[in-house]
1. Can you sort 158, 90 so the residue with the fewest Cβ neighbours within 10 Å comes first?
2. Can you tell me the 0 to 90 degree angle between the C-alpha axis of helix 88-97 and the longest principal axis of the chain, rounded to 10?
3. How far is helix 193-205 tilted off the main Cα axis of the chain, in degrees rounded to 10, range 0 to 90?
4. Which order, highest average first, do 221-228, 146-153, 129-136 follow once you tally other Cβ atoms within 10 Å for each residue and take the mean per peptide?
5. State the extension gain, in nm to one decimal, for the chain segment bounded by residue 181 and residue 269, taking 0.36 nm per residue of separation less the distance between their alpha-carbons.
6. What is the stretch 107-219 by shape, rounded, prolate or oblate, if you read a ≥ b ≥ c off the alpha carbon gyration tensor as root eigenvalues and call it rounded for a/c under 1.5, prolate for a/b larger than b/c, and oblate otherwise?
7. Helix 129-146 versus the longest principal axis of the chain: what angle, 0 to 90°, nearest 10, using Cα atoms?
8. Among DSSP beta bridges whose residues both lie in the chain, state the antiparallel percentage, nearest 5.
């Protein structure tokens, strides 16, 4: 059985549903006691882990649970680090000690976004507290891997679902003739959540080891995407006004020229190749117009 740590997260929940539909035995932890069930064991990663045990029969685990908002990590670096680094590594060690392979979900935030298609072995260059926490966790896990621990890291950038709230909001406002604002200095190279879930399943099945990355093949700014959405709806793209992250008071690190990572290892080894950003956006538009 596979264990998903952090089943309340969007990607964790989607992966659990993907595995269930595929007939793969899995459990996804929850920190909401009202959701506890046979396949939803309770685990709050902020609690002490000394008495916690994984479900009997667990052979592999994926670590989704994290404080992932950049603003939240900036506001409470000590508290977020306790969960994102200290507790995550303690949990990973407990799993590895029981012979359970571990897949850790990381982020393009371990890099500064100044260059595209960053290789998996490139030097770290995080500029956000969240990114620096991911770096510390990755570094410790990679040291364990070098000693033979059955562990892997999967770095992701933007992951989108068919009901992506941002594009849904844009569509609603543009359809009413309202002006929207989109960042010209924030980019994305999104991967659809279904492909991310499939990639996680493939890595868990293979007890993969090493560092893997999955992003789209090119970046577009939110401004370019917003104007594309307007055009596809037959609406004047001039309704999409230019904005900047600094003007909106967003934290440093969200404005970045590139989010793409070199995803060739997942493509060559497992066949996962993310479609172009506009094809991903088209799928979101189509889902929200049904």
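Each value in this text was obtained by applying a stated rule to the coordinates, not by laboratory testing. Since the structure is predicted, the reported quantities are computational estimates derived from the model, not experimental observations. Note that we place each Cβ from the backbone using ideal geometry, even for glycine, and neighbour counts take in every protein chain shown.
1. Fewest-to-most ranking of 158, 90: 90, 158.
2. The helix 88-97 is inclined about 40 degrees to the chain.
3. Roughly 20 degrees between the two axes.
4. 129-136, 221-228, 146-153
5. Additional length available on full extension: 27.7 nm.
6. It comes out prolate by the Cα gyration axes.
7. Between the helix axis and the principal axis of the chain, the angle is about 40 degrees.
8. Roughly 10 percent of the DSSP beta bridges within the chain come out antiparallel.
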